[in-house]
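This report concerns only the one structure given below.
The values are calculated or read from the model by the stated rules, or taken from the named source; none is laboratory data. Since the model is a prediction, treat every value here as computed from it, not as a measurement. Backbone-built Cβ (ideal geometry, glycine too); neighbour counts: all protein chains shown. With ligands, DNA and RNA removed, areas are computed over all heavy atoms of the protein, side chains included. Shrake-Rupley method; radii C 1.70, N 1.55, O 1.52, S 1.80 Å.
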Amino acid sequence: MDNISVSTTDVRIERHANQLSRQLKLLRDKLFPPLAQKTLRTFSSGEAAQMIGVSDGYLRQLSLDGKGPQPELSSNGRRSYTLGQINELRHYMANLKPKDALSYLPWRRPGEKLQTVAVTNFKGGSAKTTTTLYLAQYLALEGYRVLAIDLDPQASLSSMLGVQPEFDLADGDTLYGAIRYDASRKPLKEIVRKTYFDGLDLVPGNLELMEFEHETPRALNDRQKPAELFFRRVGVAIAEVEADYDVVVIDCPPQLGYLTLGAVCAATSLLITIHPQMVDVASMSQFLLMTSDLLSVVRKAGGDLQHDFIKYVVTRHEPFDAPQSQIVALLRSLFGDDVLTATILKSTAIADAGLTKQTLFEIEKGQVRRSTYDRALESVNAANGEVLAGIHKAWGRT
Ligand SMILES: Nc1ncnc2c1ncn2[C@@H]1O[C@H](COP(=O)(O)OP(=O)(O)OP(=O)(O)O)[C@@H](O)[C@H]1O
Ligand SMILES: [Mg+2]
């Protein structure tokens, strides 16, 4: 029976197709491990103690007393914790010492509104995605509940966070699924997915996001069916999951389209990334003019354009490059405090992350040269610390 079917051409070709597809999948899984295989490293007890805000000795005693989650013990007796365990310990400490709860578990409290940070600039390659990624991971490591939204059809943020946009997503699995105009719209809760980073969730992106750019003009012209205005749709979708998060971080595409305008209207603050080079800064002045023009139209149509803060962040900074220094000085003299004091340094360790799909937070110490790693991480932490200070200020914390 089998012999007969193998000899017919249709069956033979079908078998080839299946063989090829299986091999391609194996190859892909090897090159780009799927979500299940991407894991976050563990943290030494020293790192964990510092993140939680207790002494290493105290943490050791807890584990000896069998209290809280039990760390993994290596053969040489070193204890290490997963981020999930660190977050459990944050809860444990907050319950143990209710008076100091906020210093262990920084979640927002009643009256502190969800913060949505849109990272934007229409200049391609100005480090929007890198800035979004580092901010999201930084906040998650600090113990906040973070939602990262990938609004860029190129979806590099999603792939850095372990989702392969071309393979892992079905129709409507991006933000488009929650902001589309037709009856297939679904709640954002059904689209959000966990990442391998405890406390950091993702709304992935892929090419289908472009549909929103095409559908919006059509919806605007449709007088029969007045839809929720395009600039409110991102904000309305985010509001559906508001209770689950402290901060939402949005990676905008490098265009000033409807998606970007929606993100800017949904945002409570803006981070505008700047690569300090003359060509980039020249196009930035255009970006600002166009943004202001478009936003004024949106505001007159009823869009919300109140932001708690707008900050420029200098990225891929080379402090020893004279022309760059002049540009940074110019920006500071023009925009003053609106430019973050800290700049994100240009670093091969950060650039390599694009290849290995790991950030400085994820790689083990020793994977890159120590001095380079320390300097780059310090600059990233300083910039993110200033953004967090802005968030705290918006919450009325001192
Ligand atoms: N601090 C840094 N040091 C070195 N390289 C960096 C740094 N920040 C970003 N890069 C690299 O610069 C390139 C552009 O960065 P990124 O993708 O974050 O920019 P983008 O603004 O999101 O780009 P796009 O407009 O295409 O979305 C990437 O290859 C990234 O790895
Ligand atoms: Mg990008």
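Filtering segment 1-39 down to residues that are at pLDDT 70 or above and not in a helix (DSSP H, G or I), which residue is most open to solvent (accessible area, probe 1.4 Å)? Going through the qualifying residues, I end up with THR39. On the stretch given as segment 71-98, residues that are buried (at least 16 other Cβ atoms within 10 Å of the Cβ) and of a type in the set (Lys, Arg) total 2. Taken over segment 130-145, residues that are within 16 Å of ligand 1 (Cβ to nearest atom) and open to solvent by less than 30 Å² (accessible area, probe 1.4 Å) amount to 8. When we screen ALA127, ALA170 for residues that are more than 30 Å from LYS346 (Cβ to Cβ), assigned by TED's automatic domain parsing to the domain that holds VAL203 and of a type in the set (A, V, I, L, M, F, W, C), the only hit is ALA170. Put simply, of LYS123, LYS113 the only residue that is within 16 Å of ligand 1 (Cβ to nearest atom), surrounded by fewer than 23 Cβ atoms within 10 Å (Cβ to Cβ) and not hydroxyl-bearing (Ser, Thr, Tyr) is LYS123. Only residues that are under 24 Å from GLY390 (Cα atoms) and open to solvent by 20 Å² or more (accessible area, probe 1.4 Å) were counted in segment 318-342, giving 10.
Residue by residue, here is whether (1) assigned to a helix (DSSP H, G or I); (2) acidic (Asp, Glu); (3) under 26 Å from the mean Cα position of the chain (by Cα) holds:
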residue: ARG299; (1), (2), (3): yes, no, no
residue: GLY302; (1), (2), (3): no, no, no
residue: GLN306; (1), (2), (3): no, no, yes
residue: TYR312; (1), (2), (3): no, no, yes
residue: PHE320; (1), (2), (3): no, no, no
residue: GLN324; (1), (2), (3): yes, no, no
residue: ILE327; (1), (2), (3): yes, no, no
residue: ARG332; (1), (2), (3): yes, no, no
residue: GLY336; (1), (2), (3): yes, no, no
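Restricting segment 236-271 to residues that are small (Gly, Ala, Ser) and out of contact with any strand residue (DSSP E or B) (no Cβ under 8 Å at 6 or more places or on another chain), the residue that is surrounded by the fewest Cβ atoms within 10 Å (Cβ to Cβ) is ALA243. Of the residues screened, GLN277 is one that is within 16 Å of ligand 1 (Cβ to nearest atom) and either open to solvent by 20 Å² or more (accessible area, probe 1.4 Å) or in contact (Cβ under 8 Å) with a residue 12 or more places away in the chain (or both). Summed over segment 146-179, the residues that are surrounded by 20 or more Cβ atoms within 10 Å (Cβ to Cβ) and in a loop (DSSP other than H, G, I, E, B) give a count of 11.
Take the conditions touching a residue at least 60 places away in the same chain (Cβ under 8 Å), in a loop (DSSP other than H, G, I, E, B) and assigned by TED's automatic domain parsing to the domain that holds ILE391 and apply them to THR359. Does it pass? Yes, satisfied. Is it the case that THR341 is modelled with pLDDT of 90 or more and over 17 Å from LEU133 (Cβ atoms)? In short, yes. Taking GLN306 as meeting all but one of (1) open to solvent by 20 Å² or more (accessible area, probe 1.4 Å); (2) touching an Asp or Glu at 6+ places or on another chain (Cβ under 9 Å), write down the number of the exception. Unmet for GLN306, out of (1) open to solvent by 20 Å² or more (accessible area, probe 1.4 Å); (2) touching an Asp or Glu at 6+ places or on another chain (Cβ under 9 Å): (2).
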